[in-house]
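K.L.:
Okay, handing you the structure first.
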Ligand SMILES: Cc1cc2nc3c(=O)[nH]c(=O)nc-3n(C[C@H](O)[C@H](O)[C@H](O)COP(=O)(O)OP(=O)(O)OC[C@H]3O[C@@H](n4cnc5c(N)ncnc54)[C@H](O)[C@@H]3O)c2cc1C
């Protein structure tokens, strides 16, 4: 089944009888070439690019709940490539390029919307730092614009420009950044992978790894043993407890990050706005809700829900930045598990166990990485070599002293 | 979350800053063989358990003591708190 405008019109006129499920629900086979653990955006994108680029491989994605029930369905959907460090920026720019072509590639409307992101500037020092970041972005081809206070005022007239503590002095904008529909991304990749022969196995929790003589032979699951020549783990916030089953300790702590959405409003916010100094960022969904969040709660958590102090902190930031937000009613708030790493940057690498591969440590920013993480993890799984934009995302960077620490705060996950 | 401070009673966790796994109190011996690898593990690797976790909280806006809090990371339930200074530094747990 191919989606097109023509198909939508035809189905509307013929009683919508021609739509089919987007993917099958197969029982697990006894063995695959590659088993991906975790049916979030990353796991499904990995399967999609494996099937698309390395089509002869037999691939399965094993998900403990339903696909997209983790962070893929809980994030605030911001996509951007506005990083500073050379280990990161080319990777995120590849991801942005894949976003720009995602809907054509998967024939699915993922609602990629490049409405731009503006990081607000409050001090001269911050402007210098953002100018430097903007230059790094331009070198990578991502594009960047340094905005004056007046330019920001023209685009976002509703902000409080004269807050005594954090007056707005300008902004760094990436016009190509924006948002995508998170569930649409999951469904698009799932459908594309399924159509290329990938088995997506839901309600199937990996409970252990079968490892003999340092080599992985498959995964133990709630639906029995599944053999695999290679296993790729991509379980985001659950990385610690899943890799512990293979006897590994990781440079990761699991934390909880909360997000919120208001009632639906008429279009008011053109793109994404970040108020880093006040721990607040916001965008508006296509349904009209203001989608916003702030910092992680800051303590180890697997609870998938946060506590009230962060709710207070986030809405305080919102009120300081755009007082009109106080008139909107809060509809929902929720939490997701984020895999915070020791330098705030990800890992896409082999492990010390032959045939066992790992993609994780995405911190609070792995949604934007979904296409490139899938692409690069597929590349690693199929070729045993890191993709050229992911060569820095190694386990051994910590012991070798090659950390990728965008914030420069050291091995303290709750500060990244 | 309310932390049962051994000296001050129940205190709001907002008064504290969080450091992480209490295993950080077991600093490796820099003079021992293999100290470099031991320090690398100490600085960068964590058990990160889903369940009971012993962790260091600093009562920054209180009496500035370090506590070892035992907490369930799957429910946020706090199971106990001890003064870190009462625990023997460097003792094997
Ligand atoms: C509130 C919030 C806001 C965020 N906002 C943004 C944002 O604006 N922009 C951005 O770039 N990033 C954002 N992120 C981060 C981003 O959502 C994640 O980094 C990213 O989704 C992680 O990759 P994933 O989609 O594969 O994860 P997930 O969707 O979490 O996938 C992991 C999957 O593994 C499964 N799993 C776990 N254990 C097992 C097991 N034992 N066996 C089988 N399956 C298992 C889980 O059920 C889950 O479905 C946000 C995160 C949160 C929580």
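The values are calculated or read from the model by the stated rules, or taken from the named source; none is laboratory data. Keep in mind that what you see is a predicted model, and the values were worked out from it rather than measured. As a convention, Cβ positions derive from the backbone with ideal geometry for all residues, glycine included, and neighbour counts pool all protein chains shown.
K.L.:
With respect to the numbered conditions (1) out of contact with any strand residue (DSSP E or B) (no Cβ under 9 Å at 6 or more places or on another chain); (2) free of Cβ contacts under 8 Å to residues at least 24 places away in the same chain; (3) over 14 Å from residue A:273 (Cα atoms), which one is the sole condition not fulfilled by residue A:148?
P.N.:
Residue A:148 satisfies every listed condition except (1).
K.L.:
For region A:244-341, please list each of the strands (runs of 3 or more DSSP E) lying entirely inside it that holds at least 3 residues being within 14 Å of another protein chain (Cβ to nearest Cβ).
P.N.:
Because the criterion is at least 3 residues that are within 14 Å of another protein chain (Cβ to nearest Cβ), the strands (runs of 3 or more DSSP E) in region A:244-341 that meet it are A:252-264, A:289-300, A:330-341.
K.L.:
Which of (1) more than 6 Å from the ligand (Cβ to nearest atom); (2) assigned to a loop (DSSP other than H, G, I, E, B) does residue A:65 not meet, given it meets every other one?
P.N.:
Answer for residue A:65: the failing condition is (1).
K.L.:
Check A:172, A:156, A:102, A:120 and return the single one that is over 25 Å from the mean Cα position of the chain (by Cα) and farther than 22 Å from residue A:347 by Cα.
P.N.:
The conditions single out A:156.
K.L.:
Got a sec? Which of A:256, A:272, A:242 is closer than 30 Å to residue A:351 by Cα and under 18 Å from the mean Cα position of the chain (by Cα)?
P.N.:
Being closer than 30 Å to residue A:351 by Cα and under 18 Å from the mean Cα position of the chain (by Cα) holds for just one of A:256, A:272, A:242, which is A:256.
K.L.:
On the given criteria, is residue A:81 modelled with pLDDT of 95 or more, within 13 Å of the ligand (Cβ to nearest atom) and away from chain B (no Cβ under 14 Å)?
P.N.:
It is true that residue A:81 is modelled with pLDDT of 95 or more, within 13 Å of the ligand (Cβ to nearest atom) and away from chain B (no Cβ under 14 Å).
K.L.:
Could you tell me whether region A:30-43 includes any residue that is out of contact with any strand residue (DSSP E or B) (no Cβ under 8 Å at 6 or more places or on another chain) and more than 9 Å from the ligand (Cβ to nearest atom)?
P.N.:
no
K.L.:
Six or more apart or on different chains, Cβ atoms under 7 Å: show the pairs whose first residue is in region A:310-323 and under 9 Å from residue A:160 (Cα atoms) and whose second is surrounded by 24 or more Cβ atoms within 10 Å (Cβ to Cβ).
P.N.:
Pairs that qualify, where the first residue is under 9 Å from residue A:160 (Cα atoms) and the partner is surrounded by 24 or more Cβ atoms within 10 Å (Cβ to Cβ), are A:321/A:275; A:321/A:280.
K.L.:
Hey, another quick one. Residue check, residue A:406 against (1) crowded, with 18+ Cβ neighbours inside 10 Å; (2) within 12 Å of the ligand (Cβ to nearest atom); (3) more than 13 Å from every other protein chain (Cβ to nearest Cβ), all met but one. Which one?
P.N.:
(2)
K.L.:
Kindly list the number of the only condition in (1) within 30 Å of residue A:161 (Cα to Cα); (2) surrounded by fewer than 20 Cβ atoms within 10 Å (Cβ to Cβ) that fails for residue A:399.
P.N.:
Status for residue A:399: all satisfied but (1).
K.L.:
Pick from region A:352-387 the residues that are touching a residue at least 12 places away in the same chain (Cβ under 8 Å), over 18 Å from residue A:243 (Cα atoms) and more than 16 Å from the ligand (Cβ to nearest atom): which of them is nearest to the other protein chains (Cβ to nearest Cβ)?
P.N.:
Filtering first and then ranking leaves A:386.
K.L.:
Still on this structure: Would you pick out the residues in region A:236-253 that are within 11 Å of the ligand (Cβ to nearest atom), in contact with a strand residue (DSSP E or B) (Cβ under 6 Å, 6 or more places away or on another chain) and under 20 Å from residue A:306 (Cα atoms)?
P.N.:
A:236, A:237, A:239, A:240
K.L.:
Let me ask something additional. Out of A:271, A:293, report the one residue that is within 11 Å of the ligand (Cβ to nearest atom) and touching a residue at least 60 places away in the same chain (Cβ under 8 Å).
P.N.:
A:293
Every residue, every condition in (1) over 14 Å from the mean Cα position of the chain (by Cα); (2) part of a helix (DSSP H, G or I); (3) surrounded by fewer than 19 Cβ atoms within 10 Å (Cβ to Cβ), yes or no:
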| site | (1), (2), (3) |
| --- | --- |
| A:26 | yes, no, yes |
| A:36 | yes, no, no |
| A:45 | no, yes, no |
| A:52 | yes, yes, yes |
| A:69 | no, no, yes |
| A:91 | no, yes, no |
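So that you can scan it fast, the table gives a plain yes or no per residue for (1) outside any strand (DSSP E or B); (2) more than 10 Å from chain A (Cβ to nearest Cβ):
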| position | (1), (2) |
| --- | --- |
| B:36 | yes, no |
| B:63 | yes, yes |
| B:67 | no, yes |
| B:74 | yes, no |
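K.L.:
What number of residues within region A:323-341 are away from the ligand (no atom under 16 Å from the Cβ) and surrounded by 20 or more Cβ atoms within 10 Å (Cβ to Cβ)?
P.N.:
Number of matching residues: 1.
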